[in-house]
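A.B. asks: Structure provided below as structure tokens; questions to follow.
The values are calculated or read from the model by the stated rules, or taken from the named source; none is laboratory data. In this text, all values refer to a predicted model and were calculated from it rather than measured experimentally. Cβ atoms come from the backbone with ideal geometry, glycine included; neighbour counts cover every protein chain shown.
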């Protein structure tokens, strides 16, 4: 069930599996073990169900049985915006582990049903091709690669695998609670469509992603240090797609309003977090900073035509402006 390309990557690098003890991550756990891929696991306990304690205990039990390391953490109680806050907490935990333990790849068990749920969720909010197909098999995230080896497999296929092998797994009953947006799309649309049209949907995603690769031509990454990216581009119609891709890589999702702003603004700050500067040929992306800079430093940046909103980040991070490409 794991393709040769994914296996070749995972077997030569250090991997961390985002584990929940549910159907998807349990299937991926045992598939990785069968294919002799070395990995550790990380589990977030949200403490919303009594079963959460059993799931964490099972993760620790598996780690001991298979001689791997288990990282677990107790999440705080999120009173509002649970899905977003839980995701932010989860990835902050993963980011910290990836850095501290020097993992190369973070593995998640997203599958075909998840792809379709995401597609519908973005479709109802107004999205282009890049956003609709936002779940990729491999994507760069800060200093590691996010790998989703199960994207072409359905939930039912993974469940059948676990049953055939007699592997233990848990069913999270909260996944049926339609007060959460993703669950609504899952119950009302994606599961039913996958059940009846799974093969066609699988092929469609393959063709759409091939089309997306063609659409994303027309730009290149010319400089990257820490969280500063400088890109060259050839046509304005790709700006929104490129910015969406790189900001997502940095952990930030553009809102519909921000996408509209990008059609007419070329120097802006997004969410008080990210500075974006667009010139005739280049795109600059960096964390937004406000700090005093020596006159000499500002003068060097001015002469090199480095956009103003980017300069404070260079200064704070000790990035020498003369190291940047000189063709701005």
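A.B. asks: Tell me, please, whether a residue that is in the same structural domain as residue 9 (by TED's automatic domain parsing), buried (at least 18 other Cβ atoms within 10 Å of the Cβ) and at pLDDT 95 or above can be found in segment 74-88. Walk me through it before giving the result.
C.D. replies: Step one: filter segment 74-88 for residues in the same structural domain as residue 9 (by TED's automatic domain parsing), giving 74-88.
Keeping just the survivors that are buried (at least 18 other Cβ atoms within 10 Å of the Cβ) gives none.
Checking segment 74-88: not a single residue is in the same structural domain as residue 9 (by TED's automatic domain parsing), buried (at least 18 other Cβ atoms within 10 Å of the Cβ) and at pLDDT 95 or above.
A.B. asks: What pairs come out if I take residues in segment 308-325 that are within 17 Å of residue 288 (Cβ to Cβ) and pair them with residues that are assigned to a helix (DSSP H, G or I) whose C-beta lies under 7 Å away, six or more apart or interchain?
C.D. replies: Close Cβ pairs (under 7 Å, with a partner that is assigned to a helix (DSSP H, G or I)) amount to 311/298; 311/301; 314/321; 315/297.
A.B. asks: Please pick out the residue among 68, 32 that is touching a helix residue (DSSP H, G or I) at 6+ places or on another chain (Cβ under 9 Å), within 19 Å of residue 101 (Cβ to Cβ), in the same structural domain as residue 169 (by TED's automatic domain parsing) and buried (at least 20 other Cβ atoms within 10 Å of the Cβ).
C.D. replies: Numbers: 68 fails: buried (at least 20 other Cβ atoms within 10 Å of the Cβ).
Sole residue among the options that is touching a helix residue (DSSP H, G or I) at 6+ places or on another chain (Cβ under 9 Å), within 19 Å of residue 101 (Cβ to Cβ), in the same structural domain as residue 169 (by TED's automatic domain parsing) and buried (at least 20 other Cβ atoms within 10 Å of the Cβ): 32.
A.B. asks: Residue 246 passes all but one of (1) closer than 21 Å to residue 216 by Cβ; (2) touching a residue at least 60 places away in the same chain (Cβ under 8 Å); (3) assigned to a helix (DSSP H, G or I); which number fails?
C.D. replies: Here residue 246 meets the rest and fails (2).
A.B. asks: State the number of residues belonging to segment 194-217 that are in contact (Cβ under 8 Å) with a residue 24 or more places away in the chain, more than 30 Å from residue 232 (Cα to Cα) and surrounded by fewer than 15 Cβ atoms within 10 Å (Cβ to Cβ).
C.D. replies: 1
A.B. asks: Looking at residue 93 and the list (1) more than 18 Å from residue 183 (Cα to Cα); (2) without any contact (Cβ under 8 Å) to a residue 60 or more places away in the chain; (3) surrounded by fewer than 16 Cβ atoms within 10 Å (Cβ to Cβ), which single condition is not satisfied?
C.D. replies: In the conditions (1) more than 18 Å from residue 183 (Cα to Cα); (2) without any contact (Cβ under 8 Å) to a residue 60 or more places away in the chain; (3) surrounded by fewer than 16 Cβ atoms within 10 Å (Cβ to Cβ), residue 93 misses (3) alone.
A.B. asks: Mind telling me which of the residues 59, 21, 42 ends up being touching a helix residue (DSSP H, G or I) at 6+ places or on another chain (Cβ under 6 Å), surrounded by 14 or more Cβ atoms within 10 Å (Cβ to Cβ), at pLDDT 95 or above and more than 22 Å from residue 140 (Cα to Cα)? Show your work before the answer.
C.D. replies: Values: 59 fails: touching a helix residue (DSSP H, G or I) at 6+ places or on another chain (Cβ under 6 Å); 42 fails: more than 22 Å from residue 140 (Cα to Cα).
Matching residue, one of 59, 21, 42: 21.
A.B. asks: Please find, within segment 135-156, the residue that is farthest from the chain's Cα centre (by Cα) out of those that are surrounded by fewer than 18 Cβ atoms within 10 Å (Cβ to Cβ) and more than 16 Å from residue 104 (Cβ to Cβ).
C.D. replies: Per the stated criteria, the residue is 156.
A.B. asks: Here's a follow-up. Output the residue which, of all residues in segment 45-56 that are surrounded by 14 or more Cβ atoms within 10 Å (Cβ to Cβ) and under 25 Å from the mean Cα position of the chain (by Cα), is nearest to residue 174 (Cα to Cα).
C.D. replies: Only one residue fits best here, namely 48.
A.B. asks: Let me ask you something else. Pick out the one residue from 263, 280, 257 that is out of contact with any helix residue (DSSP H, G or I) (no Cβ under 8 Å at 6 or more places or on another chain), part of a loop (DSSP other than H, G, I, E, B), without any contact (Cβ under 8 Å) to a residue 24 or more places away in the chain and assigned by TED's automatic domain parsing to the domain that holds residue 226. Lay out the reasoning, then the answer.
C.D. replies: Numbers: 263 fails: out of contact with any helix residue (DSSP H, G or I) (no Cβ under 8 Å at 6 or more places or on another chain); 257 fails: part of a loop (DSSP other than H, G, I, E, B).
Exactly one of 263, 280, 257 is out of contact with any helix residue (DSSP H, G or I) (no Cβ under 8 Å at 6 or more places or on another chain), part of a loop (DSSP other than H, G, I, E, B), without any contact (Cβ under 8 Å) to a residue 24 or more places away in the chain and assigned by TED's automatic domain parsing to the domain that holds residue 226, namely 280.
A.B. asks: Counting only residues that are in contact (Cβ under 8 Å) with a residue 60 or more places away in the chain and either assigned to a helix (DSSP H, G or I) or closer than 17 Å to residue 245 by Cβ (or both), how many does segment 283-304 have? Write out each step before concluding.
C.D. replies: If we filter segment 283-304 for residues that are in contact (Cβ under 8 Å) with a residue 60 or more places away in the chain, which is where we start, we get 283, 287.
Checking the rest, the ones that are also either assigned to a helix (DSSP H, G or I) or closer than 17 Å to residue 245 by Cβ (or both) come to 283.
Total meeting the criteria: 1.
A.B. asks: Can you pull out the residues in segment 179-220 that are assigned to a loop (DSSP other than H, G, I, E, B) and either in contact with a strand residue (DSSP E or B) (Cβ under 6 Å, 6 or more places away or on another chain) or farther than 16 Å from residue 134 by Cα (or both)?
C.D. replies: Correct list: 179, 180, 217, 218.
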